[in-house]
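In what follows, a single structure is set out as structure tokens and then discussed.
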Amino acid sequence: MAAREFRIAINQLADTEPIIYQLLGAAHEKNSNPKEAITAYENYLRLAPNGSLAPAVRSMVEQLKAQAPD
């Protein structure tokens with residue numbers, strides 16, 4: 001349900017609030033959807049490559065990619 005709400009926020013705010021992508025990624029992680037989490041986190045990094053959360057988000061992406069089956 002949280003992921004759905006974050007999608008609504010993304011549709012309303014377009015690409016002006018990168019934090020929404022980070023929150024969406026976290027929601028997907030909690031729901032065991034690693035591919036969707038990676039996509040959301042990568043969108044955060046696209047919008048805020050030097051943001052305060054960027055190092056942590058990069059680490060999460062690397063961990064999820066390492067855990068994901070090919």
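Brief remarks follow.
- Once the Cα-Cα distance is subtracted from the 0.36 nm per residue extended length, the residue 36 to residue 54 segment shows a gain of 4.7 nm.
- The packing ranking of peptides 39-51, 18-30, 56-68, highest mean first, is 18-30, 39-51, 56-68, where packing means the average number of other beta carbon atoms within 10 angstrom of each residue.
- Paramagnetic label zone (point 7 Å from Cα along Cα-to-C-beta, residue 19; backbone N under 20 Å) in the range 36-53: 40-53
Any read-out appearing in this document is the output of simple, stated calculations on the displayed coordinates, not a laboratory observation. Computed from a prediction, not measured in an experiment: that's the story for all the values here. With ideal geometry, Cβ positions are generated from the backbone for all residues, glycine too; neighbour counts draw on all protein chains shown.
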